[in-house]
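Scroll down for the structure; my scribbles are underneath it.
The values are calculated or read from the model by the stated rules, or taken from the named source; none is laboratory data. Given the structure is predicted, the values throughout are model-derived calculations rather than measurements. Please note: Cβ atoms are built from the backbone with ideal geometry, for glycine as well, and neighbour counts cover all protein chains shown. These accessible areas exclude ligands, DNA and RNA; they are computed on the full protein's heavy atoms, side chains included. Shrake-Rupley method; radii C 1.70, N 1.55, O 1.52, S 1.80 Å.
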Amino acid sequence: MPDYTEVTGRITALCEGETDVIACMASIACELNQEFDHYDWVGFYRVTEPQLLKIGPYQGTHGCLTIPFDRGVCGAAAKTGTTQIVADVNSFPGHIACSTTTQSEIVVPVFGPDGQLFGVLDVDSNQPDAFGAEDAKALEAICAAVFGRPGMKP
Ligand code: SME
């Protein structure tokens, strides 16, 4: 089980006092990507219009630019407002393969201070079954600690 203690501390320190969502998203994607070898793609999709996600800051190979809420793992997380853990992307109906090497994935919804959906945090791994409930808890806590702060604006 990866240890999120240090990276969580670095992220909250880096984002302290910053209310720009993009600046925080870029910092989080960078820190998580640096911290864990099995994080092969880390990035955010933002809600730019009703029922539509558009790519935001990310680290890794090419990411698809737009994802409607009714498509993919990202769409499922946005539509349900719940974290999606996918042990084998090939068995997830409607999975969008931005990279052919991805085997497993976790997508966490990102909420603002008033509970509005800002977007999703998406992490892909080239390893099968790379994510579990502990990862979900840690990533949800990071997103709440940063994006749930008063004054955060998309
Ligand atoms: N696999 C995602 C799409 C984004 S890429 O992973 C960067 C999905 O199914 O929604």
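For region 35-54, the set of residues classified as more than 11 Å from the chain's Cα centre (by Cα) and more than 17 Å from residue 130 (Cβ to Cβ) consists of 47, 48, 49, 50, 51, 52, 53, 54, listed by residue number.
Of 58, 45, all but one fail to be open to solvent by 80 Å² or more (accessible area, probe 1.4 Å), at negative phi and assigned to a strand (DSSP E or B); the exception is 58. Of everything in region 25-62 that's hydroxyl-bearing (Ser, Thr, Tyr) and out of contact with any Phe, Trp or Tyr (no Cβ under 8 Å at 6 or more places or on another chain), which residue is nearest to the ligand (Cβ to nearest atom)? Ranking the candidates gives 45 first.
Consider residue 106 carefully, then state whether it is of a type in the set (Val, Ile, Thr) and more than 10 Å from the ligand (Cβ to nearest atom). So residue 106 passes the test. Listed by first and then second residue, the pairs with beta-carbon distance under 6 Å, at least 6 apart or on different chains, first residue in region 105-130 and among the small types (Gly, Ala, Ser), second open to solvent by 40 Å² or more (accessible area, probe 1.4 Å), are 119/46; 119/47; 125/40.
For region 132-146, the condition of being within 13 Å of the ligand (Cβ to nearest atom), closer than 25 Å to residue 30 by Cβ and in contact with a Ser or Thr (Cβ under 7 Å, 6 or more places away or on another chain) holds for none of the residues. Being hydrophobic (A, V, I, L, M, F, W, C) and open to solvent by 10 Å² or more (accessible area, probe 1.4 Å) is the filter here, so list the residues in region 33-42 that pass it. Across region 33-42, the qualifying residues are 36, 41. Output the residue which, of all residues in region 77-103 that are under 30 Å from residue 19 (Cβ atoms) and near the ligand (Cβ under 10 Å from one of its atoms), is modelled with the lowest pLDDT. Top of the filtered list is 98. Taking the criterion of being within 14 Å of the chain's Cα centre (by Cα), surrounded by fewer than 19 Cβ atoms within 10 Å (Cβ to Cβ) and not hydrophobic (A, V, I, L, M, F, W, C), the only residue of region 9-32 that qualifies is 27.
Would you tally the residues in region 63-76 being touching a strand residue (DSSP E or B) at 6+ places or on another chain (Cβ under 8 Å) and near the ligand (Cβ under 8 Å from one of its atoms)? Residues in region 63-76 being touching a strand residue (DSSP E or B) at 6+ places or on another chain (Cβ under 8 Å) and near the ligand (Cβ under 8 Å from one of its atoms): 7 in total. Taking the listed residues 129, 122, the one that is at pLDDT 95 or above, crowded, with 22+ Cβ neighbours inside 10 Å and either of a type in the set (Asp, Glu) or in a loop (DSSP other than H, G, I, E, B) (or both) is 122, with no other qualifying.
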